[in-house]
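Working notes, structure below.
The values are calculated or read from the model by the stated rules, or taken from the named source; none is laboratory data. All values reported here derive from a predicted model rather than from experimental measurement. Neighbour counts are summed over all protein chains in view; Cβ atoms, including those assigned to glycine, are modelled from backbone coordinates with ideal geometry. To get the accessible areas, we keep the full protein, side chains included, count just its heavy atoms, and leave off ligands, DNA and RNA. Shrake-Rupley method; radii C 1.70, N 1.55, O 1.52, S 1.80 Å.
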Amino acid sequence: MRVLQLIDSMAVGGAERMAVNIANLFTKQNIPTLLIASRSSGPMNDFLIDKDIFFCLNKKSFFDLRAFKSLVELSRRFNPTHIHVHDSSVFWAVLLKKFLPSSKLVWHAHYGGLSGNDQRFGNKIKFIDGSIDAVITVNEELKTWIENEIPKISSVAYIENFPDLPEAIFRHDPSDVVLCLANLKPPKNHHLLINTFAEFVKSHPSFKLKLVGATDNPVYLKEIKELIQINSLGNRIHIEGTQLKLSPYMQEAKFAVLCSDVEGLPVSLLELGLAKVPIVCTAVGQCDALLEQGKYGYLVEKGNRIDLLDNMIYVANNISEANRKAELFAEHVSSKFGNMNFLENYTKLLKGLS
């Protein structure tokens with residue numbers, strides 16, 4: 001097994017974290033691997049155990065022949081048995097496969113919205129389905145969607161994401177801080193969180209909200225800043241931006257909130273789980289199954305401000321109960337979402353393609 005991974009960039013995001021986690025897992029297991037970012041490198045590079053397995057093509061557009069030629073040359077030298085491609089990079093991977101006909105193409109679908117109204121590039125997959133040998137999905141809903149909508153792809157497997165926190169987290173004395181660990185972009189619905197937090201602090205005035213995540217969407221960032229000012233929360237809500245060291249934020253947070261409209265299986269939830277941070281989360285994607293319908297955290301209806309507010313207030317007032325759930329969730333994540341569990345299911349899928 002020789003696995004070449006292809007991803008758009010090495011920015012901070014769920015797909016990028018998984019690409020790094022997989023690369024590090026293969027490195028530890030002495031599985032030959034190569035990780036190629038087509039467009040740009042980024043902060044996630046720093047988490048690679050072996051920096052020599054990474055290459056960046058600096059692609060300028062889909063039709064960048066120079067970058068594609070470099071991809072073909074790198075790939076031929078590496079001679080992969082499998083091309084593991086993340087999200088929209090699948091389109092270049094299909095072209096690459098024509099130069100590596102013996103390689104199997106495995107598409108890792110991370111974006112939960114592909115199965116909903118916001119399909120992004122999902123409807124275009126049907127034009128290249130004959131070149132895709134297998135699909136890994138990050139939740140059951142995506143698996144069902146692909147099986148129903150793209151039946152030509154016969155090998156589809158839901159394989160859980162796995163976390164890989166590089167640092168130990170010690171939560172001895174958390175502060176009155178609500179943590180949102182999500183890139184600032186529309187599917188994460190920070191608007192709902194900010195409007196809800198404005199109500200929450202009326203009964204819990206000592207709390208602050210910290211937004212940790214990439215801020216590379218200028219329109220969305222401007223909207224969030226304006227909403228913070230409208231609610232007069234400039235001294236209560238802090239936009240922290242991209243942070244590579246998450247341990248200080250996880251250590252100080254009383255609890256975390258993720259109120260996305262769309263999710264796959266958020267790596268951030270798994271990381272929060274390992275850190276034993278209590279979680280309030282919308283029941284989208286695989287989140288409700290991940291938290292086992294509330295056994296390990298607190299689930300709210302998508303877009304429901306009252307439901308979100310009620311749960312935030314409840315957790316703040318019942319933090320001992322929330323911490324017990326967080327302890328159970330940490331045990332659950334460690335046992336079910338470990339890297340060897342991923343490797344076992346991954347190897348099984350690939351062997352089925354032989």
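Taking first residues from the stretch 86-108 that are among the charged types (D, E, K, R) and partners that are assigned to a helix (DSSP H, G or I) and modelled with pLDDT under 95, the Cβ contacts under 7 Å between residues at least 6 apart in sequence or on separate chains come to Asp87/Ala15; Lys97/Ser131. From (1) farther than 30 Å from Ile159 by Cβ; (2) surrounded by fewer than 19 Cβ atoms within 10 Å (Cβ to Cβ), pick out the condition that doesn't hold for Phe197. The single condition Phe197 does not satisfy is (2). Could you please let me know if Phe54 is more than 25 Å from Thr242 (Cβ to Cβ) and of a type in the set (Phe, Trp, Tyr)? Judged against the criteria, Phe54 is not a match. None of Val12, Val20, Val72 is modelled with pLDDT under 95 and in contact with a Leu (Cβ under 9 Å, 6 or more places away or on another chain) except Val12.
Which of the residues that make up the stretch 42-70 are within 22 Å of Arg2 (Cα to Cα) and touching a residue at least 60 places away in the same chain (Cβ under 8 Å)? Phe47 - this is the single residue of the stretch 42-70 that is within 22 Å of Arg2 (Cα to Cα) and touching a residue at least 60 places away in the same chain (Cβ under 8 Å).
Of all residues being in contact with a helix residue (DSSP H, G or I) (Cβ under 6 Å, 6 or more places away or on another chain) and either surrounded by 23 or more Cβ atoms within 10 Å (Cβ to Cβ) or at pLDDT 90 or above (or both) in the stretch 112-130, which is farthest from Arg77 (Cα to Cα)? Just the residue, please. Only one residue tops the list, namely Ser115.
Residues Ser247, Ser268: which one is among the polar types (S, T, N, Q) and in contact with an Asp or Glu (Cβ under 6 Å, 6 or more places away or on another chain)? Of the residues listed, the single one that is among the polar types (S, T, N, Q) and in contact with an Asp or Glu (Cβ under 6 Å, 6 or more places away or on another chain) is Ser247. Of all the criteria given as (1) over 28 Å from Val20 (Cα atoms); (2) in contact with a strand residue (DSSP E or B) (Cβ under 9 Å, 6 or more places away or on another chain), the one not satisfied by Leu181 is (1).
Assess whether Ile83 counts as being open to solvent by less than 10 Å² (accessible area, probe 1.4 Å) and β-branched (Val, Ile, Thr). Against the criterion (open to solvent by less than 10 Å² (accessible area, probe 1.4 Å) and β-branched (Val, Ile, Thr)), Ile83 qualifies.
Hey, can you tell me all the residues within the stretch 244-267 that are open to solvent by 40 Å² or more (accessible area, probe 1.4 Å) and over 17 Å from the mean Cα position of the chain (by Cα)? The answer is Pro248, Gln251, Glu252, Lys254. Filtered by the rule that a residue be under 17 Å from the mean Cα position of the chain (by Cα) and part of a helix (DSSP H, G or I), the stretch 26-52 gives Pro43, Met44, Asn45, Phe47. Comparison of Tyr346, Tyr314 shows that the only residue that is touching a residue at least 12 places away in the same chain (Cβ under 8 Å), open to solvent by 20 Å² or more (accessible area, probe 1.4 Å) and aromatic (Phe, Trp, Tyr) is Tyr314.
Scan the stretch 139-152 and give yes if some residue there is farther than 22 Å from Asn21 by Cβ, within 20 Å of the chain's Cα centre (by Cα), open to solvent by less than 30 Å² (accessible area, probe 1.4 Å) and without any contact (Cβ under 8 Å) to a residue 40 or more places away in the chain, otherwise no. Yes, the conditions are met somewhere in the stretch 139-152. So how many residues does the stretch 288-333 have that are within 12 Å of Val257 (Cβ to Cβ), of a type outside the set (Ser, Thr, Tyr) and under 20 Å from the mean Cα position of the chain (by Cα)? Within the stretch 288-333, residues that are within 12 Å of Val257 (Cβ to Cβ), of a type outside the set (Ser, Thr, Tyr) and under 20 Å from the mean Cα position of the chain (by Cα) number 3. In the stretch 268-293, the residue that is most open to solvent (accessible area, probe 1.4 Å) out of those that are in contact with a strand residue (DSSP E or B) (Cβ under 6 Å, 6 or more places away or on another chain) and assigned to a helix (DSSP H, G or I) is Asp288.
Do we have Ser155 as closer than 30 Å to Ser131 by Cβ and open to solvent by 10 Å² or more (accessible area, probe 1.4 Å) here? So Ser155 passes the test. Restricting Asn341, Asn311, Asn345 to residues that are among the polar types (S, T, N, Q), assigned to a helix (DSSP H, G or I) and farther than 25 Å from Ala109 by Cβ narrows the list to Asn311. Which of the residues spanning the stretch 317-343 are of a type in the set (Gly, Ala, Ser), open to solvent by less than 40 Å² (accessible area, probe 1.4 Å) and in contact (Cβ under 8 Å) with a residue 60 or more places away in the chain? Once the filter is applied, which keeps residues that are of a type in the set (Gly, Ala, Ser), open to solvent by less than 40 Å² (accessible area, probe 1.4 Å) and in contact (Cβ under 8 Å) with a residue 60 or more places away in the chain, the stretch 317-343 yields Ala322, Gly338. In this structure, Pro186 does satisfy being open to solvent by 60 Å² or more (accessible area, probe 1.4 Å) and in contact (Cβ under 8 Å) with a residue 12 or more places away in the chain. Is it the case that the stretch 228-243 has a residue that's surrounded by 19 or more Cβ atoms within 10 Å (Cβ to Cβ), at pLDDT 95 or above and part of a helix (DSSP H, G or I)? Yes, the stretch 228-243 has at least one match.
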